[in-house]
Amino acid sequence: MGKNLTAKAAFIVGILLVFVFGFLGIPHGGLKQSILRHINLGLDLKGGVHLVLQVHVAEAVTSTTDHDVARLEADLQKAGITGATVGKTDPANPETIVVSGIPPTKLADARGVLEGNDYANYDVATNSAGNSTLTMKPSAIADLNLRTLNTSIDTIRERIDKLGVTEPQIQKYGLGENEILVELPGVKDPAEVEDVIQSTAKLSIHAVVGGPYGTDAEALQANNGAIPPDSMLMHGSGSAGMPDQVWLLKRNSEVEGTDFRDAQPSTDQNGRPNIHFTLTTEAGDRFYKYTSTHSKSSATPGSMAILLDNKVREVASIDGAIRDNGEITGGFTKQQASDLSLMLRTGALPASISYLETRVVGPSLGAASIRQGVIAAVAGMLAVMIFMLIYYKGAGINADLALILNLVILLGFMGFAGATLTLPGIAGVILTIGMGVDSNVLIFERIREELRNGKSTPVAVQQGFAHAWTTIFDTHVTTIVSAAILFLFGSGPVQGFAVTLVFGLLANLFTAVYVSRVIFDAILERKERGATLSI
Amino acid sequence: MELFHNPNIDWLGKKWYFLGFSLVFSIAGILSMAFWHHVPLGVDFKGGTQIRVDFTQMPNEEHVRHAMDQAGVRDFTIQRVSDPSGHAANKVIISLPESTATDTAHDAGREAVEHALSANYHDSAFTIEQVQIVGPTAGKQLQEQAIEATLYSLLGMLIYLWFRFELIYGVAAVAAVFHDTLITIGAFSLTNKEITLTVIAAILTLIGYSMNDTIVVFDRIRENLALSRREPLGDLVNRSINQTLSRTVISSGLTFMTVLCLYLFGGEVLNGFSFALVVGILIGTYSSIAVAAPMLVAYQEWRAKRGKTAVLPAAKRART
């Protein structure tokens with residue numbers, strides 16, 4: 001072999017080894033295990049739970065503006081502006097806060113507060129009557145939505161980790177900013193996972209303003225027909241075994257989910273399951289201040305309500321000052337207490353979620369799909385290879401080698417890139433095999449044509465490759481273009497198809513054209529001038 | 001060994017037969033989509049709940065039905081699973097319509113079915129192999145996304161072909177691929193097979209494949225145009241198709257063989273998928289000869305009639 005050819009052959013062998021390494025690594029523990037360590041199988045092949053969930057990000061906007069209403073009231077008061085009402089008038093526009101009734105003499109002061117740095121997230125508009133509207137800026141809303149989504153992902157990840165699922169995948173999904181994909185290989189029952197993820201466990205402690213009342217109507221009557229703007233009506237049993245009642249609570253909480261440092265299931269002195277919690281230092285200080293000014297022995301005794309997912313679980317009078325340790329009893333079962341403490345530990349979801357898709361593939365079904373898919377692919381490939389040998393004789397070997405090498409490189413690519421092989425991915429492999437063979441057929445038919453036209457063997461080979469190359473280039477680029485677009489705009493399975501297809505076609509450009517050519521050249525070099533080619 | 005020795009078939013002379021053939025199949029599919037089975041979308045796109053149950057023994061369909069009725073499961077359908085050879089498996093697919101999978105009460109349907117099964121069978125008598133619950137919004141989204149992705153990728157191909165050949169080549173190739181997709185989806189409607197996400201992958205495969213086939217023929221036309229400018233376009237196209245005929249038959253035949261293996265040995269999970277490929281390869285090969293190439297000629301004749309200069313002989317020369 002000439003020097004040039006030796007270098008090319010060495011190059012090909014090098015490439016081959018690199019890509020074999022890509023999907024085998026340093027083999028140990030059997031061929032199958034080695035491959036499975038390097039090639040990710042999709043859940044449709046491996047079995048497991050696939051969930052797509054939607055985060056109701058708008059809720060985060062509502063709760064942020066709720067807090068800002070209270071903050072703004074306090075700030076206005078601090079600035080000496082009394083008599084203004086701050087509130088949200090339109091439930092359909094949770095991003096808008098309306099300030100009205102500012103005394104004309106205080107308008108300038110009010111503007112100072114509203115346009116100050118503390119409310120930089122809002123666009124402020126003031127009309128001639130002195131009423132101001134604060135609307136959260138679109139950029140701030142987008143930020144908040146993204147933050148809500150990211151926090152949700154973190155929270156869900158922690159919860160799943162604590163369930164002990166191995167290799168879970170939790171990531172953003174789709175084109176919007178409110179969908180999350182959760183993939184849990186090996187999990188069979190989605191119900192538990194869904195429950196643990198979905199429980200918002202939004203826990204908060206609020207001061208009780210009034211109640212309990214029997215119904216909303218009663219509560220309204222007792223408060224002269226209107227609920228004070230800083231308060232809200234909440235339902236719940238208030239303690240284990242009691243019927244549903246209504247309380248009037250302060251809207252803003254004293255302590256909320258994010259203030260918890262730890263929570264553990266425990267039992268009270270009567271042996272009933274409860275939750276023992278620890279607050280962060282900062283929240284502990286705050287809570288101490290609140291409980292000491294409102295304890296039984298103080299001048300303003302009060303009681304507090306523990307809200308869980310917007311239901312009153314427990315109402316207790318404040319016996320004494322509490323700093324950072326406390327217990328929640330609320331008629332829990334043992335499982336509930338333990339689930340709830342898990343959720344409190346990992347933090348509440350910043351917004352509620354709902355499920356868009358749930359797919360579960362049993363491991364046996366996935367295994368059957370792989371087995372049958374592989375059998376079919378191998379049978380198909382063998383049939384193709386045998387045909388090529390019979391039809392093109394010696395040149396058939398080129399094609400068969402190119403085909404095998406193509407598959408090796410494709411698998412290696414997938415291993416290196418960490419791409420996932422899915423059922424539609426197998427479709428991509430089939431199309432790759434089809435186009436790989438096609439490239440060789442194109443070349444061989446072209447060579448035969450040139451030979452028929454009386455060209456000498458080396459010229460025929462050279463011309464055959466040159467002519468077929470244009471076609472191969474066009475067909476491959478067209479398909480790669482379309483696969484790239486599919487990858488960009490498609491969802492999971494369509495992407496799986498696109499990935500294998502692109503890798504396969506790139507490999508094919510190398511194997512069907514370059515490798516095949518090198519083999520031809522090596523054969524021609526050894527032959528006498530004018531010898532015929534087995535094709 | 002050689003399949004064809006200098007074939008000399010007048011493909012364009014048969015264009016009315018081809019047109020008839022294409023029309024019959026397209027119209028049959030369209031009629032079925034409009035009036036008969038419609039487009040049989042699977043749970044992926046339609047939304048709803050689908051539960052695949054594997055029984056240890058051949059289940060009695062009536063018994064399963066009764067169990068569901070008793071548990072108050074409404075509007076369900078039970079479908080027996082069988083592989084392509086028609087051999088029945090111990091499996092059924094229980095489907096519930098979209099209304100049971102609202103975004104809020106997502107898996108009420110699944111719970112009801114599982115409850116009904118465990119109340120009427122021993123837990124060891126069945127395993128739940130697969131559950132798919134797709135909420136209505138997700139289904140619609142997937143549907144839109146699949147269609148959008150396909151259309152964009154067709155547009156991408158069109159632009160590439162425009163750039164490499166001429167616009168009419170791109171239009172003809174995309175029209176041929178569209179023809180294939182229409183007939184394949186029509187075949188799904190006629191046989192009432194469900195279109196799932198994997199079937200979409202198969203349709204994408206066939207689009208890629210058919211496009212590949214068409215480009216091979218077009219490339220040869222372009223090459224011949226550069227060599228002989230005097231030959232009537234019809235003859236030249238015929239000659240080009242004949243020159244690439246061996247390749248077309250071998251390549252398609254081999255791919256068809258692979259796909260047939262998948263259809264026969266791939267098991268029933270891949271059934272819809274491989275069915276689409278079997279139909280698609282046949283129709284895709286046919287269309288590159290019978291739809292795409294005649295369109296080029298028809299276009300040129302139409303331009304000639306309007307007294308415009310032919311655009312095809314000016315096709316860009318192959319350059320890579």
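The values are calculated or read from the model by the stated rules, or taken from the named source; none is laboratory data. Given the structure is predicted, the values throughout are model-derived calculations rather than measurements. Ideal geometry is used to build each Cβ from the backbone, glycine not excepted, and the neighbour counts take in all protein chains shown. When the accessible area is computed, the model is the full protein with side chains, heavy atoms only, and any ligands, DNA or RNA have been set aside. Shrake-Rupley method; radii C 1.70, N 1.55, O 1.52, S 1.80 Å.
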(request) Residue by residue through the range B:142-158, note down the ones that are open to solvent by 30 Å² or more (accessible area, probe 1.4 Å) and closer than 14 Å to B:Ala175 by Cα. (result) B:Leu151, B:Leu155, B:Leu158
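Looking at the range B:234-256, is at least one residue modelled with pLDDT under 85 and either buried (at least 23 other Cβ atoms within 10 Å of the Cβ) or more than 30 Å from A:Gly366 (Cβ to Cβ) (or both)?
Let us first name the residues in the range B:234-256 that are modelled with pLDDT under 85, namely none.
For the range B:234-256, residues modelled with pLDDT under 85 and either buried (at least 23 other Cβ atoms within 10 Å of the Cβ) or more than 30 Å from A:Gly366 (Cβ to Cβ) (or both): absent.
Is it the case, given these coordinates, that A:Thr89 is of a type in the set (Val, Ile, Thr) and in a loop (DSSP other than H, G, I, E, B)?
Judged against the criteria, A:Thr89 is a match.
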(message) Condition first: buried (at least 20 other Cβ atoms within 10 Å of the Cβ), under 23 Å from A:Arg313 (Cα atoms) and aliphatic (A, V, I, L, M). Now tell me which residues in the range A:185-208 satisfy that.
(response) A:Ile197, A:Ala201, A:Leu203, A:Ile205, A:Val208
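Residue-by-condition table, conditions (1) open to solvent by less than 10 Å² (accessible area, probe 1.4 Å); (2) within 12 Å of chain B (Cβ to nearest Cβ); (3) under 22 Å from A:Trp247 (Cβ atoms):
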residue: A:Leu308; (1), (2), (3): no, no, yes
residue: A:Ala376; (1), (2), (3): yes, yes, no
residue: A:Ala379; (1), (2), (3): no, yes, no
residue: A:Phe387; (1), (2), (3): no, yes, no
residue: A:Leu401; (1), (2), (3): no, no, no
(request) Considering (1) in contact with a Leu (Cβ under 8 Å, 6 or more places away or on another chain); (2) at pLDDT 90 or above, say which one B:Tyr209 fails and leave the rest. (result) (2)
(request) Keeping to the range B:188-230, report how many residues are over 30 Å from B:Glu144 (Cβ atoms) and more than 9 Å from chain A (Cβ to nearest Cβ). (result) 9
(message) Which numbered condition in (1) within 8 Å of chain B (Cβ to nearest Cβ); (2) open to solvent by 40 Å² or more (accessible area, probe 1.4 Å) is the only one that A:Asn453 fails?
(response) (1)
(request) Identify, by number, the condition in (1) among the polar types (S, T, N, Q); (2) out of contact with any strand residue (DSSP E or B) (no Cβ under 7 Å at 6 or more places or on another chain); (3) within 21 Å of A:Ala368 (Cβ to Cβ) that B:Gln132 doesn't meet. (result) (2)
(message) When you check A:Glu177 against the structure, is it at pLDDT 80 or above and outside any strand (DSSP E or B), yes or no?
(response) no
(request) Can you tell me which residue among A:Ile170, A:Ile180, A:Ile141, A:Ile153 is more than 17 Å from the chain's Cα centre (by Cα) and within 30 Å of B:Glu148 (Cα to Cα)? (result) A:Ile141
(message) Among the residues that make up the range A:334-342, is at least one of them under 30 Å from B:Ile133 (Cα atoms), of a type in the set (A, V, I, L, M, F, W, C) and surrounded by fewer than 22 Cβ atoms within 10 Å (Cβ to Cβ)?
(response) yes
(message) Of everything in the range A:284-332, what is among the β-branched types (Val, Ile, Thr) and within 27 Å of A:Gly271 (Cα to Cα)? Give them in sequence order.
(response) A:Thr291, A:Ile306, A:Val312, A:Val315, A:Ile318, A:Ile322, A:Ile328, A:Thr329
(message) Any residue that is farther than 30 Å from A:Thr475 by Cα and at the interface with chain A (Cβ under 7 Å from one of its Cβ atoms) - is there at least one of those in the range B:152-159?
(response) no
(request) Could you list all residues from the range B:106-151 that are aliphatic (A, V, I, L, M), closer than 21 Å to B:Glu62 by Cβ and away from chain A (no Cβ under 11 Å)? (result) B:Ala112, B:Val113, B:Ala116, B:Leu117, B:Ala119, B:Ala125
(request) Go through the range A:352-368 residue by residue and tally those that are among the hydroxyl-bearing types (Ser, Thr, Tyr), touching a helix residue (DSSP H, G or I) at 6+ places or on another chain (Cβ under 7 Å) and at the interface with chain B (Cβ under 7 Å from one of its Cβ atoms). (result) 2
(request) Mind telling me which of the residues A:His67, A:His28, A:His56 ends up being more than 30 Å from A:Pro103 (Cβ to Cβ), open to solvent by 50 Å² or more (accessible area, probe 1.4 Å) and at pLDDT below 85? (result) A:His28
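So which helices (runs of 4 or more DSSP H) are wholly in the range B:1-114 and hold at least 3 residues that are surrounded by fewer than 16 Cβ atoms within 10 Å (Cβ to Cβ)?
Those helices (runs of 4 or more DSSP H) span B:15-35, B:61-70.
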(message) Looking at A:Ala299, A:Ala321 in this structure, which one is surrounded by fewer than 16 Cβ atoms within 10 Å (Cβ to Cβ) and part of a loop (DSSP other than H, G, I, E, B)?
(response) A:Ala299
(message) Criterion first (away from chain B (no Cβ under 14 Å) and without any contact (Cβ under 8 Å) to a residue 24 or more places away in the chain) does A:Ala337 satisfy it?
(response) no
(request) Report, by residue number, each residue of the range A:109-136 that is open to solvent by 70 Å² or more (accessible area, probe 1.4 Å) and within 18 Å of A:Asp66 (Cβ to Cβ). (result) A:Asp118, A:Asn121
(message) Taking the criterion of being within 10 Å of another protein chain (Cβ to nearest Cβ), open to solvent by 60 Å² or more (accessible area, probe 1.4 Å) and under 25 Å from A:Met388 (Cα atoms), would at least one residue in the range A:500-513 satisfy it?
(response) no
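Please find, within the range A:469-482, the residue that is farthest from B:Thr214 (Cα to Cα) out of those that are touching a residue at least 40 places away in the same chain (Cβ under 8 Å) and either more than 7 Å from every other protein chain (Cβ to nearest Cβ) or open to solvent by 40 Å² or more (accessible area, probe 1.4 Å) (or both). So that I can check it myself, show each step before the final result.
Filtering the range A:469-482 for residues touching a residue at least 40 places away in the same chain (Cβ under 8 Å) gives A:469, A:472, A:475-476, A:479.
Keeping just the survivors that are either more than 7 Å from every other protein chain (Cβ to nearest Cβ) or open to solvent by 40 Å² or more (accessible area, probe 1.4 Å) (or both) gives A:469, A:472, A:476.
Numbers: A:Trp469: 16, A:Ile472: 12, A:His476: 12 Å.
Top of the filtered list is A:Trp469.
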(message) Restricting to the range A:147-172, count the residues that are open to solvent by 40 Å² or more (accessible area, probe 1.4 Å) and of a type in the set (Ser, Thr, Tyr).
(response) 2
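Per-residue answers, yes or no, for (1) open to solvent by 20 Å² or more (accessible area, probe 1.4 Å); (2) more than 11 Å from chain A (Cβ to nearest Cβ); (3) modelled with pLDDT of 90 or more:
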site	(1), (2), (3)
B:Tyr263	yes, no, no
B:Leu270	no, no, no
B:Ser274	no, no, no
B:Val278	yes, yes, yes
B:Gln300	yes, yes, no
B:Arg306	yes, yes, no
B:Thr309	yes, yes, no
B:Leu312	no, yes, no
(request) Could you tell me which of the residues A:Gly214, A:Gly176 is surrounded by fewer than 18 Cβ atoms within 10 Å (Cβ to Cβ) and either acidic (Asp, Glu) or over 26 Å from A:Phe487 (Cα atoms) (or both)? (result) A:Gly214
(request) Inspect the range A:415-432 for any residue being more than 34 Å from the chain's Cα centre (by Cα) and either within 11 Å of chain B (Cβ to nearest Cβ) or crowded, with 23+ Cβ neighbours inside 10 Å (or both) and give the result as yes or no. (result) no
(request) Sort out which residues of the range A:82-100 are β-branched (Val, Ile, Thr) and at pLDDT 80 or above, and write them in order of number. (result) A:Thr85, A:Val86, A:Thr96, A:Ile97, A:Val98, A:Val99
